[in-house]
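A.B. asks: Mind having a look at this structure? Questions to follow.
The values are calculated or read from the model by the stated rules, or taken from the named source; none is laboratory data. In this text the structure is predicted, and so the values were computed from the model without any measurement. Note that each Cβ is placed from the backbone with ideal geometry, even for glycine, and that neighbours are counted across all protein chains shown.
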Amino acid sequence: MNRLILLLIGIALASSGLTILLWKLSLKKTIKYLPALLCLLFGIYYFYTASNTKNINGFEDLASLILLLMFFSGFVGGVVTGSIIDFLKKKF
């Protein structure tokens, strides 16, 4: 369980780092939300596969839920970082 929490924090930090990198390198404001959007799309896909498995192959649905959790942590990390960047940029 401790490894899962560390993994989720690591994924959120990686998504935050990628968001900051895209913000520094791009001129457009919305490009920095791209990692969060991709994580959201992959999370929706894994939610769909976890909930609509017709033939159950062992723990395939459980693995899809864990991947959903991982992509959701990346989504949250990216959105929070992008929102903080927008807030600080407006304030200063």
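For every residue, the table says whether it meets (1) buried (at least 16 other Cβ atoms within 10 Å of the Cβ); (2) not β-branched (Val, Ile, Thr).
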site	(1), (2)
Ile31	no, no
Pro35	yes, yes
Leu41	no, yes
Tyr45	no, yes
Thr53	no, no
Asn57	no, yes
Glu60	no, yes
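A.B. asks: Is there any pair linking a residue in region 29-57 that is more than 19 Å from Met70 (Cβ to Cβ) to one that is aromatic (Phe, Trp, Tyr), with Cβ under 8 Å and at least six apart or on different chains, and which?
C.D. replies: Every condition considered, the pairs that remain are Ile31/Trp23; Lys32/Trp23.
A.B. asks: Taking Ile84, is it modelled with pLDDT of 90 or more, of a type in the set (A, V, I, L, M) and surrounded by fewer than 16 Cβ atoms within 10 Å (Cβ to Cβ)?
C.D. replies: Yes.
Each row is one residue, and each column tells you yes or no for (1) among the acidic types (Asp, Glu); (2) outside any helix (DSSP H, G or I); (3) under 24 Å from Asp61 (Cβ atoms); (4) out of contact with any helix residue (DSSP H, G or I) (no Cβ under 7 Å at 6 or more places or on another chain).
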{"position": "Leu8", "(1), (2), (3), (4)": "no, no, yes, no"}
{"position": "Leu13", "(1), (2), (3), (4)": "no, no, no, no"}
{"position": "Leu21", "(1), (2), (3), (4)": "no, no, no, yes"}
{"position": "Phe42", "(1), (2), (3), (4)": "no, no, yes, no"}
{"position": "Tyr45", "(1), (2), (3), (4)": "no, no, yes, yes"}
